[in-house]
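Note sheet for the following structure.
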Amino acid sequence: MNNKLDSGISRRRFLASTSVAATIGLLAPRHLFADDNGLVATARRTAAAANITVQKLRGNVSVLMGAGGNIAVLPGPDGKLLIDAGFAGARPKISQALVSISSDPIKHLINTHWHFDHTDGNEWLHSEGAEILAHVNTKSHLSKDTRVEGWNFTFKASPAGAIPAKVFETEQTVRLNAATIALKHYAPAHTDSDIYVHFTDADIIHVADTFWNGYYPFIDYSTGGSIDGMIRATEANLAKVTDKMIVIPGHGAVANKSQLVFYRDLLVGTREKVSALKKQGKSLDEIVAAKPTAATDADWGKGFRSPKDFIGDVFQGV
């Protein structure tokens, strides 16, 4: 097997440097979903039954994994700040994990984008006292019925308590629990509502679903996403991330810059191969059969998006 991407970065070395998060929630293998109409309900049920792990990072920041998208937590006298809400069905286990971190009440929630595996818990967290902050496009999508063709599902407008009370358009800085948190909106990437959250003092950045560590990503073309946008966002992340910075992906294990480089090269290499084959007049089925992602399928293709799914997402955008 070829253990390198086109960039020459060793896939084996990459895998040795990181553990892969449990296959849960949206990362459950695609065959577990009976059909696209059941994907959302099945993801919610799977996450409700999943175990949640707490990983302490630095600067009093922890990350919860297993409840949907990765949730960052900053406790303190101003009340707990959560980055993303996970699935509502995971509430008992999220609550237990939060209590294990500190006894501080939940007071603040930032959504990195609008997708249900990151916002499903908005309503209950708001009922616990959290004020919700997000990009204006997240509020827009949650406030109305929103279709995701890639999941063959239309999300109904969220209840009032789940809608962000505060929004921003480009950048915002928050000061909580003696920490400075910088927020910035990406150009459309995974969706048109993606932001990063940078804990500047601890030098930890949550880049959400612009980075799926160890899994092929989903690209939501229905709400502004594209393969080109994902690559642009990853390049922006690489321009900001230093060798010492901790990177929290939307899904998968906590990472570093070298793993982000691997991911960028995976995206770029797949786009180049699929684009070249499409320009030759190849159909999607023919391109899938050519296996342009063969070098990483065994390790990256076991989550929510199969190699065929991922190739299809790339095909749509080239």
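The values are calculated or read from the model by the stated rules, or taken from the named source; none is laboratory data. From a predicted model like this one, the values you see are computed outputs, not experimental measurements. Neighbour counts run over all protein chains shown; Cβ positions are idealised from the backbone, glycine included.
Just to be sure I understand, how many residues within segment 149-184 are of a type outside the set (S, T, N, Q) and either under 21 Å from the mean Cα position of the chain (by Cα) or closer than 14 Å to PHE116 by Cα (or both)?
The number of residues fulfilling the criteria is 19.
Right, GLY281: assigned to a loop (DSSP other than H, G, I, E, B), at pLDDT below 95 and either of a type outside the set (Lys, Arg) or closer than 30 Å to ARG58 by Cα (or both) or not? Against the criterion (assigned to a loop (DSSP other than H, G, I, E, B), at pLDDT below 95 and either of a type outside the set (Lys, Arg) or closer than 30 Å to ARG58 by Cα (or both)), GLY281 does not qualify. Quick check: is even one residue across segment 109-129 under 25 Å from VAL261 (Cα atoms), touching a residue at least 24 places away in the same chain (Cβ under 8 Å), of a type in the set (A, V, I, L, M, F, W, C) and touching a Lys or Arg at 6+ places or on another chain (Cβ under 9 Å)? Checked against the condition, which is being under 25 Å from VAL261 (Cα atoms), touching a residue at least 24 places away in the same chain (Cβ under 8 Å), of a type in the set (A, V, I, L, M, F, W, C) and touching a Lys or Arg at 6+ places or on another chain (Cβ under 9 Å), segment 109-129 yields no hits at all.
Please find, within segment 194-215, the residue that is farthest from ARG264 (Cα to Cα) out of those that are in a loop (DSSP other than H, G, I, E, B) and under 11 Å from the mean Cα position of the chain (by Cα).
Within segment 194-215, the subset in a loop (DSSP other than H, G, I, E, B) is 194, 200-203, 214-215.
So of that shortlist, the ones also under 11 Å from the mean Cα position of the chain (by Cα) come out as 194, 215.
Details: ASP194: 17, TYR215: 13 Å.
Looking at residues that are in a loop (DSSP other than H, G, I, E, B) and under 11 Å from the mean Cα position of the chain (by Cα), I get ASP194.
Could you list, in sequence order, the residues of segment 293-305 that are of a type in the set (S, T, N, Q) and touching a Pro at 6+ places or on another chain (Cβ under 8 Å)?
Within segment 293-305, THR293 is the sole residue that qualifies.
Contact map, segment 168-179: residues that are farther than 18 Å from ILE132 by Cβ paired with residues that are among the acidic types (Asp, Glu), Cβ distance under 7 Å, separation 6+ or inter-chain. Pairs shown: ALA179/ASP201.
Per the conditions (1) under 14 Å from the mean Cα position of the chain (by Cα); (2) in a helix (DSSP H, G or I); (3) not small (Gly, Ala, Ser), the sole criterion not satisfied by LEU267 is (1). Got at least one residue in segment 303-314 being under 23 Å from ALA208 (Cβ atoms), surrounded by fewer than 22 Cβ atoms within 10 Å (Cβ to Cβ) and among the aliphatic types (A, V, I, L, M)? Within segment 303-314, not a single residue is under 23 Å from ALA208 (Cβ atoms), surrounded by fewer than 22 Cβ atoms within 10 Å (Cβ to Cβ) and among the aliphatic types (A, V, I, L, M). When segment 217-240 is limited to residues that are under 15 Å from the mean Cα position of the chain (by Cα) and not in a helix (DSSP H, G or I), the one that is surrounded by the fewest Cβ atoms within 10 Å (Cβ to Cβ) turns out to be SER226. The set of residues from segment 151-165 being in contact with a strand residue (DSSP E or B) (Cβ under 8 Å, 6 or more places away or on another chain) and buried (at least 21 other Cβ atoms within 10 Å of the Cβ) comprises ALA162, PRO164.
State yes or no: is TRP114 aromatic (Phe, Trp, Tyr), assigned to a helix (DSSP H, G or I) and either in contact with a Pro (Cβ under 7 Å, 6 or more places away or on another chain) or under 22 Å from ARG45 (Cα atoms) (or both)?
Details: aromatic (Phe, Trp, Tyr): yes; assigned to a helix (DSSP H, G or I): no; either in contact with a Pro (Cβ under 7 Å, 6 or more places away or on another chain) or under 22 Å from ARG45 (Cα atoms) (or both): yes.
So TRP114 does not fit the description; no.
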